[in-house]
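Trainee: This structure is in structure tokens; I'll ask about it shortly.
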Amino acid sequence: MRRLGAAAMSLPTTLMYGEEPPERHVRLATQLIPRATTAPPRSSGKR
């Protein structure tokens, strides 16, 4: 969460000081966390 907060504040802070940001897109590493409440996968072709 700390990295996400830092990334979220970096762009507006840079613009506030009149500087040009080095990047406008930020890529954060993500993880899929399966939980007990996650539904099982659908079988193909059925809804």
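Read-outs: derived from the displayed coordinates by stated rules, not from any lab. Please read all numbers here as calculations on a predicted model, not as lab measurements. Every residue, glycine as well, gets a Cβ built from its backbone with ideal geometry; the counts of neighbours run over all protein chains shown.
Trainee: All but one of (1) loosely packed, with under 10 Cβ neighbours inside 10 Å; (2) under 15 Å from the mean Cα position of the chain (by Cα); (3) outside any helix (DSSP H, G or I) hold for Val26; state the number of the condition that does not hold.
Mentor: Here Val26 meets the rest and fails (1).
Trainee: OK, next. Quickly run through the stretch 13-23 and pick out the residues that are assigned to a helix (DSSP H, G or I) and loosely packed, with under 10 Cβ neighbours inside 10 Å.
Mentor: If the condition is that a residue be assigned to a helix (DSSP H, G or I) and loosely packed, with under 10 Cβ neighbours inside 10 Å, then Met16 is the only one that fits.
Trainee: So which residues in the stretch 1-18 are more than 17 Å from the chain's Cα centre (by Cα) and not β-branched (Val, Ile, Thr)?
Mentor: Residues satisfying the conditions are Leu15, Met16, Tyr17, Gly18.
Conditions tested, residue by residue: (1) free of Cβ contacts under 8 Å to residues at least 24 places away in the same chain; (2) small (Gly, Ala, Ser).
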{"residue": "Ala6", "(1), (2)": "yes, yes"}
{"residue": "Pro12", "(1), (2)": "yes, no"}
{"residue": "Leu28", "(1), (2)": "no, no"}
{"residue": "Thr38", "(1), (2)": "yes, no"}
{"residue": "Ser43", "(1), (2)": "yes, yes"}
